[in-house]
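Step one of this worksheet: look at the structure below.
Any read-out appearing in this document is the output of simple, stated calculations on the displayed coordinates, not a laboratory observation. In this text the structure is predicted, and so the values were computed from the model without any measurement. Every residue, glycine as well, gets a Cβ built from its backbone with ideal geometry; the counts of neighbours run over all protein chains shown.
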Amino acid sequence: MATDPVTGLNKPVYPNAKFPDEIDPSDRPTIYALTAKGKCLEPVFKDGECIAFSKDAEFQPGDYVGICLVPDAVQLDEPPSRVKRLRSIMPGITFPFQAAPSSELMPLVELEQHNPPRVLRVPADRILSMHKVIGTAKTMGDGTARLVSLEPERLDRLEYVLIDRVQL
């Protein structure tokens with residue numbers, strides 16, 4: 001564990017022995033891209049498609065988001081990062097989530113996938129980060145990508161993005 005310089009909280013760190021290739025969300029650029037792996041969001045996103053994310057864009061129910069789970073909470077058969085559609089979230093929640101010491105309740109974040117249709121309820125303290133999907137990108141073959149589709153207000157802020165892999 002390392003101390004987050006902004007919040008002063010202890011946070012799990014990627015890469016680690018269990019996930020040596022995972023990039024810590026705090027080390028990703030503000031706008032980045034990951035290559036999708038899987039078919040659970042087809043036909044919206046396809047296996048092998050490059051998806052662009054923004055760390056500072058606000059997300060709301062109905063948006064597609066990339067989540068990265070806390071390393072200690074990742075089960076053996078699941079990936080640490082994934083893309084899902086945000087179904088519901090308690091207003092004002094931030095990640096990594098820290099419950100009040102006196103609280104006995106843990107908020108749930110509801111996510112959904114299309115293929116097969118399924119709703120996932122994830123305890124907020126299992127999520128290390130959540131970043132909004134802002135479009136798709138085309139890989140350039142040199143570790144960068146060029147944006148293909150994006151929210152109009154972000155067009156002036158992106159030329160290249162980091163490439164990695166994420167589970168759909």
query: Ranked highest first by the average count of other Cβ atoms within 10 Å around their residues, in what order do 124-133, 13-22, 76-85 fall?
result: 124-133, 76-85, 13-22
query: With a sphere of radius 14 Å drawn around the Cβ of MET106, what net charge do the other residues whose Cβ falls strictly inside it have (Lys, Arg +1; Asp, Glu -1)?
result: -1
- prompt: Picking from ALA145, SER103, ILE31, whose Cα lies most toward the positive end of the charge dipole for the stretch 30-167 (charges on Cβ: Lys, Arg +1; Asp, Glu -1)?
  reply: ALA145
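For a quick check of your reading of the filter: which GluC sites (Glu not before Pro) in the stretch 68-149 sit in a DSSP loop and have no more than 16 other Cβ atoms within 10 Å?
Values: sites: GLU104, GLU110, GLU112; in loops: GLU104.
Listed in order of number, the matching sites are GLU104.
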message: Taking a ≥ b ≥ c as the square roots of the Cα gyration tensor eigenvalues, with a/c under 1.5 meaning rounded and otherwise prolate when a/b beats b/c, else oblate, which class fits the stretch 30-167?
response: prolate
statement: With a ≥ b ≥ c from the Cα gyration tensor eigenvalues, square-rooted, and the rule rounded for a/c under 1.5, otherwise prolate when a/b > b/c and oblate otherwise, the stretch 84-139 is oblate
- prompt: Taking R0 as 22 Å, what's the FRET efficiency between GLU58 and GLN98 from their Cβ-Cβ distance, rounded to 0.05?
  reply: 0.65
